[in-house]
Amino acid sequence: MNSEILVRHIFNFTLIKSLKNAFRKSMYWTIYSLKNKDLLADSGTASYELKINVATLFLNSLLAMLFFYFKNTAFLISIFLICSVNLSVSRGLIRAFYKAKGLSFDIFAILFYMLIYPLPVGAGAFSGILKYTRYNNR
């Protein structure tokens, strides 16, 4: 690999097509990673930061439900702390968003990256785990 080569991917995806693609890629990468026993490795497509981001969204969703059920502010504090860690882990990507298009783009990109994109990626990973397990338990 030559790290000095720059590549631009132009898919002309709509938002919906992009999210469907994220689901599909995540499902197949999960199956591939399970077969190769490297699920937690940083593969570029499924980076360490993206895995943390997906886990953060699902964990924070659980904590939000617990907050609404128990009305305990410790759950909200936990959400804030976990989001802070996620932002710190993803700071390289966040910096790249800012450098590419400025502060307004950075804010919307972060919101998309933290609140929307993890949903199809996480669902695809879960689907991949189910498919892999079903196929290997025959």
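The values are calculated or read from the model by the stated rules, or taken from the named source; none is laboratory data. All figures in this text were calculated on a predicted structure; none of them were measured in a lab. When we count neighbours, we look across all protein chains shown, and the Cβ atoms used for this are built from the backbone with ideal geometry, even at glycine. Note: areas computed on protein heavy atoms with side chains; ligands, DNA, RNA excluded. Shrake-Rupley method; radii C 1.70, N 1.55, O 1.52, S 1.80 Å.
Tabulated results
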| item | result |
| --- | --- |
| Percentage relative contact order, the chain, counting C-alpha pairs under 8 Å, at least six apart | 44 |
| For the chain, with +1 on Lys and Arg beta carbons and -1 on Asp and Glu, the positive-most of A96, S26, L6 along the dipole | S26 |
| Residue-level accessible surface for F105, protein heavy atoms, 1.4 Å, Å² | 90 |
| Accessible area (Å², 1.4 Å probe, nearest 10) - K25 | 80 |
| Cα centroid of the range 75-124 to Cα centroid of the range 1-49, whole Å | 17 |
| Farthest toward positive dipole pole in the range 66-138 [+1 Lys/Arg, -1 Asp/Glu at C-beta], among M114, I77, L130 | L130 |
| I116/L66 FRET efficiency (R0 30 Å; Cβ-Cβ; nearest 0.05) | 0.85 |
| Rel. contact order, % - alpha carbon contacts under 8 angstrom, at least six apart, the range 46-105 | 32 |
| Kirkwood Rh and Cα Rg combined as Rg/Rh, the chain | 1.01 |
| Over 26 Å (Cα to Cα) - which of K20/K51; K51/K131; K20/K71 fall in this group | K20/K71 |
